[in-house]
Structure formats: C-alpha cells, structure tokens
1. Name the long-range amide H neighbours of Val139: under 5 Å, sequence gap of 5 or more, or other chain; modelled H, no Pro or chain starts.
2. Could you state the accessible area per residue of the chain in Å², with a 1.4 Å probe and every protein chain left in place?
3. Counting Lys and Arg as +1 and Asp and Glu as -1, each charge on the Cβ, what is the dipole of region 196-342 about the Cα centre in debye, to the nearest 20?
4. Let me know the charge dipole size of region 99-163 about its Cα centre in debye, to the nearest 20, where only the beta-carbon of Lys, Arg (+1) and Asp, Glu (-1) is charged.
5. Below 28 Å Cα-Cα, how many Lys pairs turn up in region 210-321? Only count pairs eight or more apart in sequence, or on different chains, if you could.
6. Pairs of alpha-carbon atoms within less than 8 angstrom and 6+ residues apart define the contacts here; what relative contact order does the chain have, in percent?
7. Name the long-range amide H neighbours of Ile395: under 5 Å, sequence gap of 5 or more, or other chain; modelled H, no Pro or chain starts.
8. Within the chain, what is the longest stretch that has no GluC sites (Glu not before Pro) placed in a DSSP loop and near at most 10 other beta-carbon atoms within 10 Å?
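The values are calculated or read from the model by the stated rules, or taken from the named source; none is laboratory data. Since we're looking at a predicted model, the values are computed, not measured. Virtual Cβ from ideal backbone geometry, glycine too; neighbours counted across all protein chains shown. Please note that ligands, DNA and RNA were not included when accessible areas were found on the heavy atoms of the full protein model with its side chains. Shrake-Rupley method; radii C 1.70, N 1.55, O 1.52, S 1.80 Å.
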Amino acid sequence: MQTPISSPFRLFPIEGYSQVTSKWIDPKQKGHDQPMMDAAIQKRYLEQLWQRLYGNTSPWDEDYVQGILQEDIGACQEKALLRFSNHDKSKQDKWYGMNFRPYASTWIKNIKETIPLDELKQPIFHAAHKAITIQNLSVRILPSQDICLRSIIPGYGYPFDRLQASAAFIGTPVYRIAQTKDKIWSLVIMPDFIAWVPSNGLAYTDDAFIQRWKEAAQDQLVAIIQTQTPLIDAKGKFITQAYVGSVFPASMQKYDTIGRLILSVPIANEEGKACSADVTVSSAQATYIPMQTSRKNFSKLIDTLKERDFGWCGTSFYNDCSAELKSLFLPFGIWLPRHSSDQIEISEKIDMNGTTPEERLTYLKDYGDPFLTIVYIGGHVLLYIGHFPYKGMSIAMTYQNLWGMADLSDGSVSIIGQSVFFPLLLNYPEDPNLRSLLQRPFFQIAHLKRLPEGYPPLKKPYVVV
C-alpha cells in the first residue's frame, strides 16, 4: 500500500474578511457617486487607450509595426524553444504535461518544426496581414495547446500552464507576423505583446474596414461591464460571450427602441475577411467609455469581477493579478499594460523598496488615493481601496486577484485563488507563519491621479518568451 502524499498547500480562511462589496464601498458614504479623478487626467488616459487600440501605436499602424519588425523576433522564438526544452534538464527543472509526466525531446522538436524561423529573422510587412480577433483567444508563448507545468506539486508549478501568455478578447486589433507551416497558429502583434494565437480566431481587415472601425471607435467606444455577457446578433445567432476588459465601437444606431446599447462586433465573412454584426446589450452589461471614476462605478465593476477564480495568464478567461486590474480600469478609459511590472510605470511612481512594513502602511494611509493607487510587490499587483476600522484597529484594505501566500516555517502555500477584498496586515492571525505581502522586497506605488508630462509612457509590444 502506497503512503499518501502530504499536501504542500492549504486554503486560507478568506471568509474571515467580508466579501460583501458594500462593506468596503459604502453606498451611503458622502461623494459615493462623485468622480475621484480630474477630467483632464482621465481624458489623457482615454487618448492613450485609443492610440493603443486604433491609433499610431496600434497593430494597425504600418510605421509602428515596421519598427517592431526590426526586432530579432526569430531569436526570441529560439530562446522560448530552448526554455521549454527538457534537454539536459534536471528532474526538478523539467516541464511536465497534464498527465504528470515529463515531456520527451520529440515534443519540443515537433513544435520547432512548425515554426518558420527563417521567415522570422527578417519579417516583411504586408498590409493584408492586419487583422482583428473574432473570438476570445488563448495566447500562447509557443504554437501548442499542450499544458506545460513547471512542477507537478500543487500550489507551486501546478496548475499554472507556463505556455499560456495571456488572453485576447474579441475585437482586439492585431498584425500577423507569420503562421506555422500547417497554418494552425499565427504569431501576432497585439497592443501589449507578441505571441501565438489560433489562426481561426482572426479575420483579416482591409483599409475600408479599418477606416469604418476607427471612425466608429473615435465617435463612441463601449466597454463591457458585466462578465460573460452573451453577444447575440440581430438574427439570434450566438457569437461568443464578452468579458469585462472587452471594448467595441458603438453601432451607428447607438440605441434600440427601449434604450439598450447596440455594439459593432467583428465577425468573418465566407472569405475570412472582417465585417461587423450589430449586437444589442443592456445598460447593465455595457456602458460608454469613459465611465465616471466614482466609488459607485468601482463598486459595480468589482461586484461582477470579485470571487472569480484566479486564472494564470488568462487561463480559461479568468484573470490573474494584472489582468484583474487591466479589466477593472478599462471601462474608465484607463489603459493599463498587461504585465504587473509595467502597470506600475503608468503614472507617477513612489519607490518604497527599502522601507519597513510599518512605513509602507503609514504611507498608504497618509497619501494613498483609494481606488486610484496601485501597489506592486514584485510579480504581483494590487489595488489600495482605503483604510477601515476592523476589530479595534485601522487596516489597509485592498482589492486583488491573489493566488496565495508562502508559509515561512515550512515552505508550503496558503491558497486564496480568487479575486478578493484582502487586507494588508503585518501578520495574519489565522495563519501567523505566513509571509505578509508587506514583507516583500519590492514595494512600489503608482498614483494614477498623478500624471506628469510624457505619461503614460510608450512601451512597444515585446515577444513573450
């Protein structure tokens, strides 16, 4: 009889901290429905959002794409292939499939054979390669849907599929650099980065489509504000479901007879070319961008996002920490980069790396702007929402999508695994051995209300390796 394997993780008792939104965002609080950000600052963010999606820093802009194609994209792909190869790797460094067995050398060899590496060394721009996503897509570091685990120990490598780079929602402008030799996968430039997506999730855009789409987007953009909103065309055909973080131009006919919003959603015609379908949604499911930066609106968005599962790099279209904040801020017209280390660079940054946990808490209490202060702690990002009385003390409350915290006594993990209201405490009475988030070496703060000249800064998409 085999000895049972002891589990290196446990579940954190999150029920000790209320997940009722009104507990932390009181609808009776003075100014609940008033903007917290200056309109001029919000307008600057909105301009950046539009440029990233459709303007001169978009995958649809030829000059911008030409500059990106000068990078050594082929070398980045070779680096990724080397990273995920099990050749000469120790047992603890090998990559595992979902059957908990390490991949054979033929696995990475077969992937490599599908990639046109010579073509990627000097890619040539083709206007016909501009496209738009017509489904929600898993974005991959290499062209494979295989699950790739760094470790099969729950809480550490498992269940994180390290080939997963992100998710691309329907309606995302892209530029196709190349396809695999079997045409199944496309390497694309997205607004944030460069990675692989399924080719059948793209429709190709001509100049006429792009012009219509850009004009409609400039006239009025719409954001989804209710997660998993079904998109159904005028004939009753289901297209897909949309998540918070998705944006679409409003249709020329912006409202139907009962005041519902009408969106333009990209689809493909029989030739694989992009066209659009009108989709009607309620005001509870979508809103015009930008939403007012009020506590009331943050409450509405957090209500639809909170307590959803943690999804490593957008796995199954769940959010991780940075995707949670990116999705949360997009309806306000605020473009956040996809990676947590980039999000902290979006506005004025305060570096508190060398400070004590007590000093960090004091700074947040004295200078933090609730809902508009992002905290980066190295590989993880969270949103400060204010200080609150709790069990006889004042605590710093945050909203974040958090996998878990390490136990300093035995190296195990206490898992939260969802988006939650969670306090920044010096220690947690439920589990005193846990390493507090305040104890991380990194502790940097971005004040979104403070936008110096030249911000938000431009950072070109990078190849995910």
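1. Ala165, Ser166, Ala167, Ala168
2. Numbers: 20770 Å² over 465 residues.
Accessible area per residue: 45 Å².
3. Details: 14 positive and 15 negative charges, 91 e Å.
The calculation lands at about 440 debye.
4. Values: 8 positive and 5 negative charges, 28 e Å.
Around 140 debye, computed over region 99-163.
5. The result is 12.
6. Numbers: 981 pairs, mean separation 77.2, N = 465.
For the chain, the relative contact order is 17 percent.
7. For Ile395, whose amide H was placed from the backbone, the distant partners under 5 Å are Phe388, Tyr390.
8. Numbers: sites that count: Glu270, Glu271, Glu453.
So the longest stretch without any such site is 1-269.
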